[in-house]
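None of the figures in this text is laboratory data; all of them are computed from the coordinates on show. What you are looking at is a predicted structure, and each value in this text was computed from that prediction instead of being measured. Reconstructed Cβ throughout: ideal geometry from the backbone, glycine too, with neighbour counts over all protein chains shown.
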């Protein structure tokens, strides 16, 4: 009895993964929950464990293949055995070698006909074997291995031709529908185009290069300088796909504001030592921003909602997704029940999630359930940006670097540490008034941190 190894649920909005590496091979014994195969998504690497103790009997997908949730990865037989008996299905697929029947005969003269598909020779030429030669025929095919004596074999050198690769003629019938449409609309002469596709077929990119007057790679290299082409990883391809889908689906807009960070900086300086001594973690900026966003989300529930079909789902919980950059790309783990966490709890959890992300230990559970996202481009020196939504969420806050700027206070110009904030939102359910008011609330809470402790 074989048990199926299936692709597990991969998280919100993730429907497919790439088979990165098989950790076990056919015939190897495994224990329950022992990792069998590693899957790669746009967010994390997932190890699929064995459902039972047994022996891996079949692998259905190879490394590098893309699989969907619920797809069959392989089969595992219950119980450990030294060798695996093949299933009936596998036996049917097994092909055994059958030695060919050998027919021996003698003849004095034999003509072997050779045909060439694309040559200027006559349609048929003859190869004459003289003297008595013992021939062996295997399945009707003449074997000439023993005919090495040049005195017995005369070969016409004119028969030694090189078979040319067939190249289909360049006609509209050989074009794909997309290519044919462009050719007809733009009235392009395809006879002058050198196709980059299989068998010299014209691809859509060839036409776009022609219309845009973009030189071919070989020409660019010689004209502009050396280049290096690297295949995009499955992770990067999936990230690109999801971000483009978010951009195409949502009516995304951004609004901006600035925050005077003086009071927060002063608070951190005054209480950093005591805070770190008591909680064994530093008091950072992120805990203030999480608390401020929770206050604003409670006042403007549209920003904490999502669209599902023709319905709006308002969420009465506050799970804040924190964007973390790693060597493999951006991951967005979730800080669950942020409204119930203290400043210390927030800082501890963010630190733990960051460490897991950097070590590649983020799990699917760490990424699920987020209602709103905070992204801090300021740690990389960004002054201002428009963050892109993290579907199905409808809002994301972008933090930026803190810079001393001249600010007018009570009729006087003073220098203050200022941070620019950006809120990207889905205009389908969030109006401009709510978006601007949300960001203004975040600003007020950050400029006067005491409001956070009073839940104002």
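Do you know the relative contact order of the range 2-82, to the nearest whole percent, from alpha carbon pairs under 8 angstrom that are 6+ apart?
41
What list do you get for 372, 300 if you sort them by fewest beta carbons within 10 Å?
Exposure proxy ranking, most exposed first: 300, 372.
Order these by the 10 Å Cβ neighbour count, fewest first: 400, 427.
427, 400
Stretch residue 404-residue 385 to full length: gain in nm at 0.36 nm per residue minus the Cα-Cα span?
Values: separation 19, 0.36 × 19 = 6.84 nm, distance 1.84 nm.
That pair, residue 404 and residue 385, stretches by 5.0 nm at full extension.
Points 7 angstrom from Cα along the Cβ direction at residue 266 and residue 232: gap in nanometres?
4.9
What nm distance separates the two modelled labels at residue 450 and residue 339, each placed 7 Å from Cα along Cα→Cβ?
For the pair residue 450/residue 339, the computed spacing is 2.6 nm.
How high is the FRET efficiency from residue 280 to residue 194, r the C-beta distance, R0 45 Å, rounded to 0.05?
Working from the Cβ atoms, E equals 0.10.
Fully extended, how many nm does the chain gain between residue 313 and residue 352 (0.36 nm per residue separation, minus their Cα-Cα distance)?
11.0 nm
For residue 210 and residue 184, FRET efficiency with R0 = 22 Å and r from the beta-carbon atoms, rounded to 0.05?
On the way: r = 15 Å, r/R0 = 0.67.
In this case the efficiency is close to 0.90.
Between residue 249 and residue 4, what length in nm is gained on full extension when 0.36 nm per residue of separation is reduced by their alpha carbon distance?
84.6 nm
What is the fewest-to-most order of 16, 308 by other Cβ atoms lying within 10 Å of their Cβ? Walk me through the intermediate numbers first.
On the way: 16 17, 308 9.
Ascending number of Cβ neighbours within 10 Å: 308, 16.
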